[in-house]
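Below is one structure; the comments refer to it alone.
The values are calculated or read from the model by the stated rules, or taken from the named source; none is laboratory data. None of the values given here were measured: they were computed from a predicted structure. Virtual Cβ from ideal backbone geometry, glycine too; neighbours counted across all protein chains shown. SASA here: full protein model, heavy atoms, side chains in, ligands and nucleic acids out. Shrake-Rupley method; radii C 1.70, N 1.55, O 1.52, S 1.80 Å.
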Amino acid sequence: METTLRGVGVSHGVAIGEVRHMGTAVLEPPAKQIGPDEAAREQGRARQAMEAVGADLNARGHLAGGEAQAVLEAQALMAQDPELLADVERRVAVGSTAERAVYDAFASYRALLAGAGDYLAGRVADLDDVRNRIVARLLGVPMPGVPDSDEPYVLIARDLAPADTALLDPALVLGFVTEEGGPTSHSAILARALGVPAVVALPGAKELAEGTVVAVDGSTGEVFVSPSEEKRAALTEAAAARKAALAASSGPGATSDGHKVPLLANVGGPADVPAAVEAGAEGVGLFRTEFLFLDDSAQAPSEDKQVEAYRQVLEAFPEGRVVVRVLDAGADKPLDFLTPADEPNPALGVRGLRSLLDHPEVLATQLRALARAVEGLPVYLEVMAPMVADRQDAKAFADACRAAGLSAKFGAMVEIPSAALRARSILQEVEFLSLGTNDLAQYTFAADRQVGAVSRLQDPWQPALLDLVALAAEAARAEGKSCGVCGEAAADPLLACVLTGLGVTSLSMGAASIPYVRTTLAKHTLAQCERAAAAARATDSAEDARRAAQAVLSGE
Ligand code: PEP
Ligand code: MG
């Protein structure tokens with residue numbers, strides 16, 4: 001019998017197929033004692049396995065490229081962490097087998113992470129994945145992860161570890177459904193980068209029996225279990241019609257009456273550029289430079305290495321606009337050389353611009369590298385700071401840009417409610433704003449981006465979030481400056497119309513979403529978008545806001 005489950009749709013498209021579960025078995029090795037004469041051999045086995053898993057993760061990263069590469073390389077660093085290895089060796093020295101020592105050492109590290117607040121807790125899934133890989137290797141059993149199948153399937157998982165998401169084969173994995181994760185979680189961002197339909201935060205997904213046929217609608221968040229023939233036909237037909245319309249979509253972003261809204265791409269480095277160009281991005285609205293820094297979290301990449309990476313992205317958009325965000329370290333993107341190790345709540349600690357102002361030499365090097373990279377190129381470079389809280393922050397950033405001799409526009413991201421509330425004062429120091437709605441939602445609703453249980457509050461349709469967007473956009477308009485959106489909100493076609501109606505001047509998103517947004521925007525006038533925005537803001541919940549905007553835009 002057909003039933004419908006509801007989660008959060010995070011990546012557009014429809015996938016119909018049989019369910020396959022992710023291999024997440026936690027391999028607990030027996031607590032067997034070894035003799036002192038076996039210790040050296042077991043230590044060698046452990047060392048070799050940790051080294052090999054690190055190398056494998058690096059190789060997978062190399063294959064995947066882009067943002068995924070940085071995530072996998074961060075996991076490789078965990079596998080090859082010298083302190084973890086020392087702990088494993090100590091445990092073997094007092095009688096553990098290699099696999100048991102790895103299991104126990106990771107467990108004690110895991111407990112530390114899980115109890116240490118937001119960002120560290122968010123890394124637990126990555127750490128478990130690394131542990132499972134090492135233990136599986138030592139036990140000689142298959143690696144946990146994506147199921148072996150020659151037939152296409154819908155993947156079900158509790159939460160996808162970056163190592164697996166990065167290697168999902170879009171030809172084989174029709175779509176995926178996870179129990180955990182919110183609309184701005186890592187898995188969601190990666191799904192959109194891959195162009196795979198996905199639904200997250202669906203409690204009970206793991207109860208779906210292996211082989212059950214489901215239809216996943218990544219736009220609405222609905223998962224139809226054992227869908228009827230009619231339902232399948234209707235969904236397939238709608239998906240085909242949408243695909244045909246998208247294939248025909250090209251050109252700059254604009255409403256049907258010609259109000260221009262440049263559609264830009266979010267990239268993590270040069271590897272993401274081809275997809276952005278193919279999707280017809282008019283430039284880059286968010287270059288997350290921290291991904292270049294995750295290679296080696298002990299030190300910043302050299303100025304020359306940075307120049308090379310920035311230049312590759314800048315060269316891809318001659319005459320286009322590229323907005324580079326300076327390093328956003330801390331919270332969910334920690335770097336050993338910048339991020340304090342003992343913060344009780346890293347999301348509220350020294351992250352983003354705050355860590356750069358504490359380490360002015362890192363900021364100065366990055367700005368100098370950007371100044372060198374843009375030399376002689378026709379591209380229109382803009383540089384912005386993450387996590388700007390007030391005018392003092394904005395001034396400090398603008399001063400640093402001027403001191404570096406950078407000829408670019410300087411801007412501030414609006415990710416903290418205070419920045420939206422006092423946007424006009426921030427605009428006295430910088431020339432543009434860019435709304436990071438992922439963090440803005442997190443801080444407005446006190447709801448961790450990584451936690452599925454609070455994903456309701458992470459919904460960018462929340463009227464309170466729309467109010468803050470409106471405040472920032474109105475302030476920019478009053479100052480004659482621009483205000484874009486580069487958070488995941490911009491990737492929702494209907495919400496993109498509402499954001500346009502709120503006065504946002506550009507939209508930046510993962511490349512795969514650009515055609516959807518372009519097509520939807522082109523169907524509506526600016527006045528309709530403004531009415532939809534007003535209708536959404538007049539409601540008291542995300543669901544009602546979505547419904548109200550939909551009603552206006554469909555002319556009901
Ligand atoms: C945001 O917070 O909306 C944003 C774009 O930055 P990130 O997702 O990298 O934190
Ligand atoms: Mg952010």
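Within the stretch 363-392, the set of residues being aliphatic (A, V, I, L, M) and farther than 26 Å from N438 by Cα comprises A364, A369, A371, A373, V374, L377, V379.
Residue-by-condition table, conditions (1) within 14 Å of ligand 2 (Cβ to nearest atom); (2) touching a helix residue (DSSP H, G or I) at 6+ places or on another chain (Cβ under 9 Å); (3) farther than 19 Å from G349 by Cα:
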| site | (1), (2), (3) |
| --- | --- |
| D393 | no, yes, no |
| D399 | no, no, yes |
| S407 | no, yes, yes |
| E415 | yes, yes, no |
| R422 | no, yes, yes |
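Against the condition surrounded by 15 or more Cβ atoms within 10 Å (Cβ to Cβ) and either more than 25 Å from E73 (Cα to Cα) or touching a residue at least 12 places away in the same chain (Cβ under 8 Å) (or both), how does R6 come out, does it pass? Judged against the criteria, R6 is not a match. Condition first: open to solvent by less than 40 Å² (accessible area, probe 1.4 Å), in contact with a Phe, Trp or Tyr (Cβ under 8 Å, 6 or more places away or on another chain) and not aliphatic (A, V, I, L, M). Now tell me which residues in the stretch 534-556 satisfy that. Residues satisfying the conditions do not exist here. Restricting the stretch 514-533 to residues that are small (G, A, S) and open to solvent by less than 10 Å² (accessible area, probe 1.4 Å), the residue that is nearest to the chain's Cα centre (by Cα) is A533. Residues in the stretch 315-324 include at least one that is part of a helix (DSSP H, G or I), touching a residue at least 24 places away in the same chain (Cβ under 8 Å) and open to solvent by 10 Å² or more (accessible area, probe 1.4 Å). Within the stretch 462-474, the set of residues being among the aliphatic types (A, V, I, L, M) and either open to solvent by 10 Å² or more (accessible area, probe 1.4 Å) or free of Cβ contacts under 8 Å to residues at least 24 places away in the same chain (or both) comprises A464, L468, L471. Which of the residues spanning the stretch 398-442 are within 21 Å of the chain's Cα centre (by Cα) and among the acidic types (D, E)? Residues satisfying the conditions are E415, D439. Scanning the stretch 491-510 for residues that are buried (at least 24 other Cβ atoms within 10 Å of the Cβ), of a type in the set (A, V, I, L, M) and farther than 15 Å from K260 by Cβ yields A491, L495, V498, L502, M509.
Among the numbered conditions (1) within 16 Å of ligand 2 (Cβ to nearest atom); (2) in contact (Cβ under 8 Å) with a residue 60 or more places away in the chain, the only one that V517 does not meet is (1).
Looking across the stretch 253-280, the residues that are at negative phi, modelled with pLDDT of 95 or more and not in a strand (DSSP E or B) come down to G253, T255, S256, D257, H259, V261, P262. The requirement of being open to solvent by 20 Å² or more (accessible area, probe 1.4 Å), within 15 Å of ligand 1 (Cβ to nearest atom), outside any helix (DSSP H, G or I) and among the charged types (D, E, K, R) is fulfilled somewhere in the stretch 440-456, by at least one residue. Run down L421, L370, L406 and say which single residue is buried (at least 23 other Cβ atoms within 10 Å of the Cβ), away from ligand 1 (no atom under 16 Å from the Cβ) and not polar (S, T, N, Q). On inspection, the qualifying residue turns out to be L370. With respect to E38, determine if the residue is without any contact (Cβ under 8 Å) to a residue 12 or more places away in the chain and either open to solvent by 30 Å² or more (accessible area, probe 1.4 Å) or out of contact with any strand residue (DSSP E or B) (no Cβ under 8 Å at 6 or more places or on another chain) (or both). So E38 fits the description; yes.
Return yes or no: is A385 away from ligand 2 (no atom under 16 Å from the Cβ), under 22 Å from N266 (Cβ atoms) and either small (G, A, S) or buried (at least 17 other Cβ atoms within 10 Å of the Cβ) (or both)? It is false that A385 is away from ligand 2 (no atom under 16 Å from the Cβ), under 22 Å from N266 (Cβ atoms) and either small (G, A, S) or buried (at least 17 other Cβ atoms within 10 Å of the Cβ) (or both). The conditions are (1) touching a strand residue (DSSP E or B) at 6+ places or on another chain (Cβ under 8 Å); (2) surrounded by fewer than 24 Cβ atoms within 10 Å (Cβ to Cβ); (3) under 27 Å from A551 (Cβ atoms), and G487 fails exactly one of them. Which is it? The one condition G487 does not meet is (2).
From the list V362, V379, V383, pick out the single residue that is touching a Pro at 6+ places or on another chain (Cβ under 7 Å), of a type in the set (A, V, I, L, M, F, W, C) and more than 25 Å from D467 (Cβ to Cβ). None of the others qualify; the one that does is V379. Selection of the stretch 251-267 for residues being open to solvent by 60 Å² or more (accessible area, probe 1.4 Å) and more than 25 Å from the chain's Cα centre (by Cα) yields S256, D257, H259, K260. I need the full set of residues from the stretch 183-242 which are small (G, A, S) and out of contact with any Gly (no Cβ under 9 Å at 6 or more places or on another chain), in order please. Selection gives G204, A209, G211, S226, S228, A233, A234, A238, A240, A241.
The requirement of being open to solvent by less than 30 Å² (accessible area, probe 1.4 Å) and part of a loop (DSSP other than H, G, I, E, B) is fulfilled nowhere in the stretch 70-90; no residue meets it. When only residues in the stretch 336-361 that are away from ligand 1 (no atom under 14 Å from the Cβ), of a type in the set (A, V, I, L, M) and buried (at least 20 other Cβ atoms within 10 Å of the Cβ) count, which is modelled with the lowest pLDDT? Taking the candidates together, the pick is L338. Going residue by residue through the stretch 386-397, is there one that turns out to be within 16 Å of ligand 1 (Cβ to nearest atom), within 18 Å of the chain's Cα centre (by Cα) and of a type outside the set (G, A, S)? Yes, because at least one residue in the stretch 386-397 is within 16 Å of ligand 1 (Cβ to nearest atom), within 18 Å of the chain's Cα centre (by Cα) and of a type outside the set (G, A, S).
Inside the stretch 281-293, residues that are part of a loop (DSSP other than H, G, I, E, B) and open to solvent by 20 Å² or more (accessible area, probe 1.4 Å) make up a count of 1. Does L370 qualify as being assigned to a helix (DSSP H, G or I) and under 20 Å from D399 (Cα atoms)? Yes, satisfied. Does any residue of the stretch 430-444 turn out to be under 14 Å from C483 (Cα atoms), touching a helix residue (DSSP H, G or I) at 6+ places or on another chain (Cβ under 6 Å) and more than 13 Å from ligand 2 (Cβ to nearest atom)? Yes, that holds for at least one residue.
Please verify whether A464 is more than 16 Å from ligand 2 (Cβ to nearest atom) and either among the hydrophobic types (A, V, I, L, M, F, W, C) or not in a loop (DSSP other than H, G, I, E, B) (or both), treating the condition exactly as stated. So A464 passes the test.
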